[in-house]
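Report on the structure given below.
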Amino acid sequence: MEFGLSLEQRQFDDSLRDFLKDRLPMEQLRALAEPGGGYDESLWNGLSQLGLHGLIVPERFGGAGLGILDAAVSAEALGFAAAPVPFAGTTVMAPLAFMHSATEAQQDDYLPNVAAGEYRIAVGFAGLAGQTGANNATLDGAKLSGTVTGIMDAGAATHYLIYLRDGTAAVVEANTPGVTATQHRALDRTRPLVDLRFENAPAEILSAANDKLQAARTVLNAGRVVLAADTLGAAQTMLDRAVAFAKERVQFGRVIGSFQGVKYMLADCVTALEPCRGMVWYAGHAQDSLPDEASLTACHTKAHVQDVARDVSRMTTETHGGMGFTDLLGLHFWFKRIAFNRQILGGPERCRQEAAELQGWA
Amino acid sequence: MDLSLSEQYQALQAEIRAFVAKHGHKSPKVGGGRKRPDQKTLDWQKTLLEHGYVGRTIPTEYGGAGKQPDVMEAAVIAAEFARANVYAGLTNQGVSMLVPTLLEVGTEEQKRAYVGPTIRGDLIWCQGYSEPGNGSDLANAQTKAELVDGNWIVNGQKIWTSSAHYADMMFLLCRTEPEKSKHEGLSYLLLSMDSPGLDRRPLKTMTGRSEFNEVFFTDVKVPESQILVGRGKGWYVANVTLKHERSMIGDAGKMTARLEQLIALLGKTEIDGVPLIRQPEFRDRLLRLQGETIAWKAHNLRLLTEAAQGIDSGVKRMIIKYGGTMLGFRLSSLAVDALGSAGLPFESAGEDAEDDDATTWNIDYMYDVGLMIGGGSNNIQKNIIGERGLDLPREPKVQTAAAVGRG
Ligand SMILES: Cc1cc2nc3c(=O)[nH]c(=O)nc-3n(C[C@H](O)[C@H](O)[C@H](O)COP(=O)(O)OP(=O)(O)OC[C@H]3O[C@@H](n4cnc5c(N)ncnc54)[C@H](O)[C@@H]3O)c2cc1C
């Protein structure tokens with residue numbers, strides 16, 4: 001038994017973190033966040049060189065063939081940096097959708113391009129995921145119609161992959177007649193939300209799964225775990241910064257970290273947040289290797305980590321006093337990242353409702 | 001990441017399952033450890049010792065099985081006994097705190113005299129640390145011991161001493177070098193609870209039971225050799241003990257077991273004919289606790305792995321007592337809310353009896369608050385997390401009071 005990250009996982013994590021630290025100093029993050037598109041070509045290409053885009057794509061299609069645990073570790077690093085990168089949707093959920101819902105030939109058509117970073121496929125759910133907004137889409141043969149709002153990681157998408165209520169997936173090219181994409185800058189300026197309207201848009205249908213709904217759920221579960229990991233990383237940044245600030249800021253002739261009121265807020269943060277890391281790892285591992293626990297741990301992890309992170313984001317902002325409330329410090333990028341992730345792919349209430357259903361309690 | 005057990009541990013698992021199948025029926029009831037072990041418990045302890053499931057790493061010359069320390073083995077054993085709902089052996093202050101301390105710093109004579117009887121359950125210990133005026137500020141203990149003609153003469157008072165009413169021996173923190181500084185003036189003595197001049201008075205707690213005591217010392221004689229390590233080394237020894245008190249990682253198993261009981265309770269309790277588990281407000285609280293418990297379990301797996309690899313887990317370990325007692329209290333809180341008004345009228349049948357749901361949960365609900373206070377209060381834990389874990393500055397010192405206190 002070894003419940004921890006392997007040497008290779010830690011090395012990859014280190015190189016990803018080094019890269020992001022180097023490429024995303026605060027001024028750069030600000031500059032990238034302003035347009036709110038959630039994508040930067042040079043950052044994307046740099047990540048391509050690290051091999052991030054093919055992380056979970058099977059080796060036979062040019063990827064690294066790793067799992068959701070690896071994706072979660074990378075997501076934590078991206079959340080830590082508040083990186084404007086369409087990771088959860090494009091790098092994790094999209095290839096996973098192909099791996100579970102598509103034929104071998106369809107995988108062969110798309111996955112090598114995903115691994116190369118050429119295709120950026122955003123994933124949306126018409127129902128299933130528990131998001132507010134409009135989410136209805138229907139197929140007429142191979143033509144997709146309807147409206148799906150609030151799609152993450154779609155700012156620079158080359159394709160949209162929409163899961164319908166029955167678990168069938170439809171892949172539509174962006175910039176095709178019949179597809180209208182409206183991009184919104186969101187609360188979290190590091191990632192936009194996109195609303196899609198389809199009018200008889202030509203679609204490639206993915207329906208190769210034996211159990212189509214289960215395939216959709218597998219993709220949703222992975223998305224939730226990866227968002228929870230991103231949230232964990234963002235909350236860790238806020239905590240690290242608050243601890244550092246508490247050691248520097250002086251009031252009443254003392255550094256504020258020596259006040260128990262401050263110390264206890266931070267002790268509460270670490271006591272709640274640190275177990276979230278084990279939880280995210282466990283849930284990631286469950287997606288890869290413990291099918292019986294995959295859905296339940298995904299629901300609980302998304303719900304619990306988001307609740308903990310809400311408290312951490314509040315208390316660490318408070319620790320910074322008035323400075324924390326300013327734009328100047330930039331702490332708000334992480335606050336908003338956490339707040340954004342909470343509402344995507346189902347908030348805690350929805351996730352717990354599903355956890356109840358999974359156990360026959362609803 | 002690998003949650004599978006290697007062959008060696010699978011073999012141990014199979015061995016324990018066979019053991020439980022053969023002997024499990026002789027196990028006393030799990031839980032209810034706040035009393036002197038009865039004959040059934042002592043017999044069971046003996047069986048466990050013979051099979052090396054307790055005292056596993058204690059050298060054979062002191063009555064153990066003499067195996068190499070292996071946290072994974074310990075975890076497998078704990079998990080298997082918990083799974084089978086079979087008593088895993090005594091975990092009192094003697095077994096869990098004094099024995100590891102003796103093995104670490106005791107003399108050969110002390111180890112031979114005390115380790116064996118303690119792990120067999122024949123010798124019960126209590127911890128004489130807290131005093132009426134010095135709880136969190138433990139290093140300020142004032143109970144005095146003076147060396148007169150080859151004996152320590154002890155005078156003073158201890159309080160909140162768990163198990164003192166039935167203990168045979170006490171490990172005592174007392175002041176032997178009054179002229180020295182607060183921390184350097186303490187010594188650690190081992191003494192008989194039957195010593196003349198020692199008076200123990202059970203102290204009733206909020207649970208209605210007397211789990212702890214006041215202990216008064218009037219010219220109590222303790223042979224000079226009954227000191228651990230040496231004069232003025234009491235603070236050092238006390239910290240060795242506290243390290244063992246807090247390094248019990250078994251907590252997550254207890255939380256998981258409690259959660260299971262809670263799920264069962266909410267499944268069988270109804271209001272207006274609807275089980276609580278189907279009532280959204282109750283169900284939501286249960287689900288939150290289920291999420292927290294999963295996180296706690298994963299965190300413990302992480303600590304276990306780090307311990308097996310010889311890594312010091314730092315702040316990840318320091319959060320265990322604070323986080324664990326808070327989770328425990330939230331679990332028992334939901335249980336008493338589920339029991340509701342029907343759970344209010346209960347009569348404790350005493351610690352030796354098997355209690356019903358209402359008594360068990362209501363007493364746990366109160367005892368969980370006690371756990372937040374005892375063994376270094378949660379505020380003290382937060383000081384430790386902040387100062388040692390996050391490296392935040394200490395409170396400025398005022399006169400003699402230590403800012404961090406216990407531990
Ligand atoms: C169930 C139970 C079993 C026990 N068993 C034993 C036993 O077997 N042997 C033994 O020796 N003792 C035992 N104790 C005593 C226990 O160790 C003390 O009660 C504990 O250390 C707190 O000390 P105190 O009661 O003097 O409270 P105080 O130290 O007076 O604390 C009162 C309040 O002030 C807070 N406080 C104190 N100092 C600080 C600080 N520096 N920063 C922030 N807050 C602070 C505390 O957190 C607490 O909330 C037991 C207690 C309980 C409840």
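Limited to segment A:300-359, what total is found for residues that are assigned to a loop (DSSP other than H, G, I, E, B) and under 29 Å from A:Y163 (Cα atoms)?
Residues of segment A:300-359 that are assigned to a loop (DSSP other than H, G, I, E, B), as a first pass: A:320, A:326-331, A:344-347, A:359.
So of that shortlist, the ones also under 29 Å from A:Y163 (Cα atoms) come out as A:344-347, A:359.
The qualifying residues number 5.
The set of residues from segment A:341-362 being charged (D, E, K, R) and closer than 21 Å to A:A122 by Cβ comprises A:R342, A:R350. Of the residues making up segment B:118-132, those that are more than 8 Å from the ligand (Cβ to nearest atom), touching a Ser or Thr at 6+ places or on another chain (Cβ under 8 Å) and assigned to a loop (DSSP other than H, G, I, E, B) are B:G121, B:I124. Checking B:E73, B:E50 one by one, the residue that is open to solvent by 80 Å² or more (accessible area, probe 1.4 Å) and modelled with pLDDT of 90 or more is B:E50 and no other. Taking segment A:179-202 as the range and being of a type in the set (S, T, N, Q) and open to solvent by less than 80 Å² (accessible area, probe 1.4 Å) as the test, the residues that pass are A:T180, A:T182, A:T190.
Condition (residue is assigned to a strand (DSSP E or B), over 16 Å from B:L98 (Cβ atoms) and among the polar types (S, T, N, Q)) applied to segment B:224-232: is it met by at least one residue? No - not one qualifying residue is present in segment B:224-232.
Could you tell me whether segment B:97-114 includes any residue that is open to solvent by less than 60 Å² (accessible area, probe 1.4 Å), within 11 Å of the ligand (Cβ to nearest atom) and in contact (Cβ under 8 Å) with a residue 40 or more places away in the chain? Within segment B:97-114 (the criterion being open to solvent by less than 60 Å² (accessible area, probe 1.4 Å), within 11 Å of the ligand (Cβ to nearest atom) and in contact (Cβ under 8 Å) with a residue 40 or more places away in the chain), the answer is yes, since at least one residue qualifies.
Condition check ((1) farther than 20 Å from A:A88 by Cβ; (2) in a loop (DSSP other than H, G, I, E, B)) across all residues:
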| residue | (1), (2) |
| --- | --- |
| A:G150 | no, no |
| A:A157 | no, yes |
| A:D166 | yes, yes |
| A:V172 | no, no |
| A:A181 | no, no |
| A:L196 | no, no |
| A:E199 | yes, no |
| A:D230 | no, no |
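Within segment A:273-324, the residues that satisfy the criterion of being in contact (Cβ under 8 Å) with a residue 24 or more places away in the chain and of a type in the set (D, E, K, R) are A:R277, A:D288, A:K302, A:D307, A:R310, A:D311, A:E318.
For B:G32, are the conditions met, namely being at pLDDT 95 or above, small (G, A, S) and surrounded by 14 or more Cβ atoms within 10 Å (Cβ to Cβ)?
On the way: at pLDDT 95 or above: no; small (G, A, S): yes; surrounded by 14 or more Cβ atoms within 10 Å (Cβ to Cβ): yes.
No; evaluated as a whole, the condition is false for this residue.
Going by the structure shown, is B:A403 hydrophobic (A, V, I, L, M, F, W, C), modelled with pLDDT under 90 and within 16 Å of the ligand (Cβ to nearest atom)? Taking the combined requirement at face value, the residue satisfies it. Among residues of segment A:203-230 that are in the same structural domain as A:F333 (by TED's automatic domain parsing), those with a beta-carbon under 6 Å from a residue that is of a type in the set (D, E) at least six positions away or on a different chain give the pairs A:A229/A:E76.
B:K243 meets each of the listed conditions (1) over 21 Å from B:S377 (Cβ atoms); (2) surrounded by fewer than 17 Cβ atoms within 10 Å (Cβ to Cβ); (3) more than 10 Å from chain A (Cβ to nearest Cβ) apart from (1).
The residues listed here are B:A338, B:A342; of these, the one that is more than 15 Å from the ligand (Cβ to nearest atom), within 14 Å of chain A (Cβ to nearest Cβ), in a helix (DSSP H, G or I) and small (G, A, S) is B:A338.
Please enumerate the residues belonging to segment B:133-179 that are assigned to a loop (DSSP other than H, G, I, E, B), near the ligand (Cβ under 10 Å from one of its atoms) and touching a residue at least 24 places away in the same chain (Cβ under 8 Å).
Step one: list which residues in segment B:133-179 are assigned to a loop (DSSP other than H, G, I, E, B), which gives B:133, B:135-137, B:141-143, B:149-150, B:163-168, B:176-179.
Of the ones still in play, those that are also near the ligand (Cβ under 10 Å from one of its atoms) are B:133, B:135-137, B:141, B:163-164, B:167.
Listed by number, the residues that qualify are B:G135, B:S136, B:D137, B:A141, B:S163, B:A164, B:A167.
For the criterion of being assigned to a loop (DSSP other than H, G, I, E, B) and modelled with pLDDT under 95, B:R209 passes. The set of residues in segment B:368-397 that are open to solvent by 40 Å² or more (accessible area, probe 1.4 Å), out of contact with any Asp or Glu (no Cβ under 8 Å at 6 or more places or on another chain) and within 10 Å of the ligand (Cβ to nearest atom) comprises B:V369, B:L371, B:I373, B:N379, B:E395.
Being open to solvent by less than 40 Å² (accessible area, probe 1.4 Å) and within 14 Å of another protein chain (Cβ to nearest Cβ) is the filter; apply it to segment A:332-359 and report the residue that is farthest from A:A83 (Cα to Cα). The residue in question is A:A356. Answer yes or no: is there a residue in segment A:96-104 that is on the phi < 0 side of the Ramachandran plot and without any contact (Cβ under 8 Å) to a residue 40 or more places away in the chain. Within segment A:96-104, one or more residues are on the phi < 0 side of the Ramachandran plot and without any contact (Cβ under 8 Å) to a residue 40 or more places away in the chain.
The values are calculated or read from the model by the stated rules, or taken from the named source; none is laboratory data. Keep in mind that this is a model prediction, so the values were computed, not measured. Please note: Cβ atoms are built from the backbone with ideal geometry, for glycine as well, and neighbour counts cover all protein chains shown. Accessible surface is based on the protein model in full, side chains and every heavy atom, while ligands, DNA and RNA are left aside. Shrake-Rupley method; radii C 1.70, N 1.55, O 1.52, S 1.80 Å.
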